[in-house]
Amino acid sequence: MKLPVIQNAFENVKKFSQEKLVEKYPNGVPEAIQKRYLQELMFLEDSDHIDDFEIFRCLSEEAKKSNTLINMRGTVSGSILSYLLGNHSFNPLSAHYYCTECGYYEKVDTHLFGIDLPSRKCPCCNTEMWADGYNLSLESVWGIDGKKSISFEYNVNSEFLAFAQRTLEKIYPNQEVVRWGMFQFNSTQFDERMIGVDLVGYAILPSENTIQDYTDLISYLENGDICITGGILELQEHSIKPVRLLTVEILDELTELQRQTGIYANEIGNKELREITWSNICNTAAPSRDLQMLFQKVKPKTYRDMVALESGIHSTFSWQNGQQGCFDIDKFIEMTLTNDFKLYPCFTREDFYDYMIESGVDRVKAYEAFECIRKGYAVSAKHNDEWKHLKISEGIKNVAKNYRYVFPRAHCIGYVLGYAKLAYYAKVDGKMFGRVVFRKR
């Protein structure tokens with residue numbers, strides 16, 4: 001038995017996203033943006049993800065009402081639909097200027113993000129334009145034909161979990177919504193022991209089923225609450241729909257800061273964040289130690305640069321000798337100083353795709369190579385023949401040989417913007433920032 005389809009899900013997503021698109025581009029939606037939007041709607045209508053986007057829409061609306069925070073994780077945050085349905089998502093489109101007064105639009109051919117572009121006045125009406133866009137292609141989310149498998153996971157603040165459960169119960173009034181927990185392990189060189197079960201979201205059970213029908217999946221959280229356990233695929237085999245909601249400390253801090261300062265975190269946009277530097281971000285102590293040290297050595301000048309370095313912390317490299325998680329800053333910088341890397345500075349998987357397109361590679365072939373690179377085929381003996389037959393430049397191939405796994409740009413943008421918002425609060429009210437963040441840590 002499967003879960004029922006959410007009634008009017010596609011119609012709701014279409015109506016709400018169209019209204020938000022007009023709201024964000026009030027003097028006419030530019031043709032290029034409308035084209036991207038309609039293409040994603042077409043892909044969505046022919047996909048298995050209609051209900052997932054409707055769930056995201058409902059969760060986002062609940063977050064707005066409760067002034068709590070929710071972020072989409074992973075590549076799906078690069079969808080224009082995610083941007084329009086979310087309550088403080090980032091704009092995935094190509095970097096561009098837009099005049100809200102007369103509707104003038106100008107796409108900028110750059111690897112920089114819109115937030116990095118200099119201030120400009122509209123050539124038509126002399127109004128200060130806003131710059132936006134984080135250069136995430138349609139293919140990075142949906143693939144070439146819209147058939148790419150998409151995973152839906154969320155970062156939330158801890159207060160939102162109760163609201164999320166009630167929202168899911170409204171969406172599925174005839175199903176039982178139960179806690180979903182995952183086993184946590186304490187790993188050492190010699191042993192791996194299960195140390196507990198953490199709440200990671202909720203699971204929706206098929207009609208007329210209760211949690212007691214899944215005795216092989218039942219466990220208990222640390223506080224004694226009963227829960228379903230198992231991985232996403234395991235739950236799906238039982239026709240159980242998991243909704244993963246991961247509580248993130250930085251979102252708890254942003255929630256408390258908006259309470260104490262009266263400045264809503266989801267209203268801190270590009271205009272407010274443009275002046276935030278890598279140094280401001282490091283002073284919050286929010287990034288990992290490796291990223292702070294990397295920032296201090298490289299001194300990134302733009303958000304594009306900061307996202308690139310954030311990606312480096314999460315990617316896996318061939319020169320790590322299989323020691324995943326052991327980041328070598330000097331080795332990483334040495335890699336970026338090679339001639340091939342200077343020509344093709346590919347830090348994220350999307351960088352590879354962008355540079356291949358710019359080099360004249362057909363989109364289908366570029367996407368095929370993009371998939372191979374992100375999976376580490378460049379250094380895989382098993383896939384050597386497949387790799388050798390890719391028709392891309394040797395320079396890009398040489399850069400790809402550094403990677404066993406390449407992190408996605410969209411995920412890193414979410415991280416960096418979170419750090420930057422913390423830094424903005426620190427700049428506006430350092431005393432309150434210290435009380436909320438440093439005292440807690």
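The values are calculated or read from the model by the stated rules, or taken from the named source; none is laboratory data. Keep in mind that this is a model prediction, so the values were computed, not measured. When we count neighbours, we look across all protein chains shown, and the Cβ atoms used for this are built from the backbone with ideal geometry, even at glycine. Please note that ligands, DNA and RNA were not included when accessible areas were found on the heavy atoms of the full protein model with its side chains. Shrake-Rupley method; radii C 1.70, N 1.55, O 1.52, S 1.80 Å.
Structure data summary
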item	result
Accessible area (Å², per residue) of the range 45-150, counting only protein heavy atoms and a probe of 1.4 Å	36 Å²
Percentage relative contact order, the chain, counting C-alpha pairs under 8 Å, at least six apart	15 percent
Sequence-distant residues sharing a close amide H with Val108 (under 5 Å, placed H)	Ala95, His96, Tyr97
Size of the range 282-407 as Cα extents on the principal axes (Å, biggest first)	46, 30, 23
Top of Ser158, Ser89, Ser119 by mean-square fluctuation, Gaussian network on the chain, Cα under 10 Å	Ser119
Value of relative contact order over the range 111-178, rounded to a whole percent, pairs C-alpha under 8 Å and six or more apart	18 percent
21 Å tail of the calculated P(r), the range 69-150, as % of Cα pairs	37 percent
Integer Hz, Karplus 6.51/-1.76/1.60 couplings in order for the range 401-416, x for Gly and Pro	5, 7, 10, 8, 8, 10, 6, x, 5, 4, 4, 5, 4, x, 4, 5
Cα-Cα pairs of the chain separated by more than 42 Å (percent)	15 percent
Neighbour cut-off at most 14 other Cβ (10 Å), DSSP loop, GluC sites (Glu not before Pro), the range 232-339	Glu275
Protein accessible area in the range 294-441, 1.4 Å probe - carbon and sulfur %	49 percent
CD proxy at 222 nm, helix term only [per DSSP H run n ≥ 4: -39500 (n - 2.57); per residue of the chain; nearest 500]	-12500 deg cm²/dmol
Derived scalar couplings ³J(HN,Hα) [the range 364-374; Karplus, 6.51 cos²θ - 1.76 cosθ + 1.60; whole Hz; x for Gly, Pro]	5, 5, 5, 5, 4, 5, 4, 5, 5, 5, 5
Per residue, in Å², the accessible surface of the range 373-441 once ligands and nucleic acids are set aside, probe 1.4 Å	49 Å²
Accessible area (Å², per residue) of the range 225-342, counting only protein heavy atoms and a probe of 1.4 Å	48 Å²
Sulfur and carbon atoms: percent of accessible area, the range 19-143 [1.4 Å]	46 percent
Listed residues Glu153, Glu169, Glu358, most fluctuating in the chain (Gaussian network, C-alpha, under 10 Å)	Glu358
